[in-house]
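Structure record follows, encoded as structure tokens.
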Amino acid sequence: MDAILKAENVVKTFGALRALDGVTVEVPRGKITLLIGPNGSGKTTLMNVLSGVLKPDSGRVILDGEDITELEPHERFKRGLVRNFQIPRLFAGLLVLENAAFARHGNPGEGVFTGIMKRLWRDFEEETVRRAVRLITFTRIRHLWDKKPGELSGGQMKLLEITRSLMPDNAKVVLMDEPTAGVNPTLAHEIFRRIQQIRDERGITFLIVEHRLDIATGYVDYAYAMAYGKVVAHGTPEEVLNHPKVIESYLGG
Ligand SMILES: Nc1ncnc2c1ncn2[C@@H]1O[C@H](COP(=O)(O)OP(=O)(O)OP(=O)(O)O)[C@@H](O)[C@H]1O
Ligand SMILES: [Mg+2]
């Protein structure tokens, strides 16, 4: 398999708990890969290790052949590894369009924003604004451009968070943690259709944690299943969903 991103034998403990207990995952280039597993199986922890939010106790993370295990999140971002969060991280004081625009060059450290209270339009290049408008149109939140995150529904916040992960010009791999949580089924299907379109048009690779298997499985190319900090199955979505260990892990959980 041509894997653009790999976790190799990753272990991550929290005290006595082995949240990741020797996890190896290969994310195929230019495809949409689904990561499933019961609550607490280690999915978000793996996303955190891949994006650099957490350092593993042992094991390696490889992006496009380069060992990035020791790199900070912003250094991974520069190399095209982008993530969003299970709980959207938006700037409460900025408009939807500004939140989108800011994501083009990554989330700067909090310190950068301390004390900045003015509107920031003049700091954006025209191209950034144009790009942000294009993407909020694409994700169907253009009409909300001058709202603040607090005025959005949960689903709209998710769409904004997704917009943000598509803003960087050099995005190669996008990690998404539950992009459709709290979103109605129609919109959830729409989100996955958009993700497919981006895969096809920009060749971006996606690794997506999703609990809504009924919706997600129709859109993904490959799947991994975790249970108790281990990978228990991988393959086509059908193979993984029908795997006895996967069924057992959901029944047991
Ligand atoms: N920072 C932390 N400190 C201590 N324990 C943690 C921490 N983060 C995660 N855990 C524990 O690690 C295990 C895996 O958690 P994780 O969030 O990765 O699960 P998940 O598969 O994403 O679950 P969910 O589907 O509910 O989002 C859980 O038992 C969780 O309680
Ligand atoms: Mg999680």
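The values are calculated or read from the model by the stated rules, or taken from the named source; none is laboratory data. Keep in mind that this is a model prediction, so the values were computed, not measured. As a convention, Cβ positions derive from the backbone with ideal geometry for all residues, glycine included, and neighbour counts pool all protein chains shown.
Listed values, structure above:
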quantity: Candidates 193, 199 - the one that is surrounded by fewer than 16 Cβ atoms within 10 Å (Cβ to Cβ) and within 26 Å of residue 104 (Cα to Cα); calculated: 193
quantity: Residue, modelled with the lowest pLDDT, within segment 117-158, restricted to residues that are of a type in the set (Phe, Trp, Tyr) and either in a helix (DSSP H, G or I) or assigned by TED's automatic domain parsing to the domain that holds residue 180 (or both); calculated: 121
quantity: From the options 91, 77, residue that is buried (at least 18 other Cβ atoms within 10 Å of the Cβ), touching a residue at least 40 places away in the same chain (Cβ under 8 Å) and within 19 Å of the chain's Cα centre (by Cα); calculated: 77
quantity: First in segment 162-183 and at positive phi, second anywhere and assigned to a loop (DSSP other than H, G, I, E, B), Cβ under 9 Å, 6 or more apart; calculated: 178/86; 178/210; 178/211; 178/212; 182/153
quantity: Out of 51, 58, sole residue that is among the polar types (S, T, N, Q) and within 18 Å of the chain's Cα centre (by Cα); calculated: 51
quantity: Residue in segment 9-30 that is in contact with a Pro (Cβ under 9 Å, 6 or more places away or on another chain) and under 15 Å from residue 80 (Cα atoms) present; calculated: no
quantity: Only listed residue being within 13 Å of ligand 1 (Cβ to nearest atom), at pLDDT 95 or above and not in a helix (DSSP H, G or I), chosen from 35, 71, 46, 50; calculated: 35
quantity: In segment 193-223, residue nearest to residue 183 (Cα to Cα) [restricted to those that are outside any helix (DSSP H, G or I) and within 16 Å of ligand 1 (Cβ to nearest atom)]; calculated: 212
quantity: Of all residues making up segment 19-32, the number that are more than 11 Å from ligand 2 (Cβ to nearest atom) and either hydrophobic (A, V, I, L, M, F, W, C) or crowded, with 23+ Cβ neighbours inside 10 Å (or both); calculated: 5
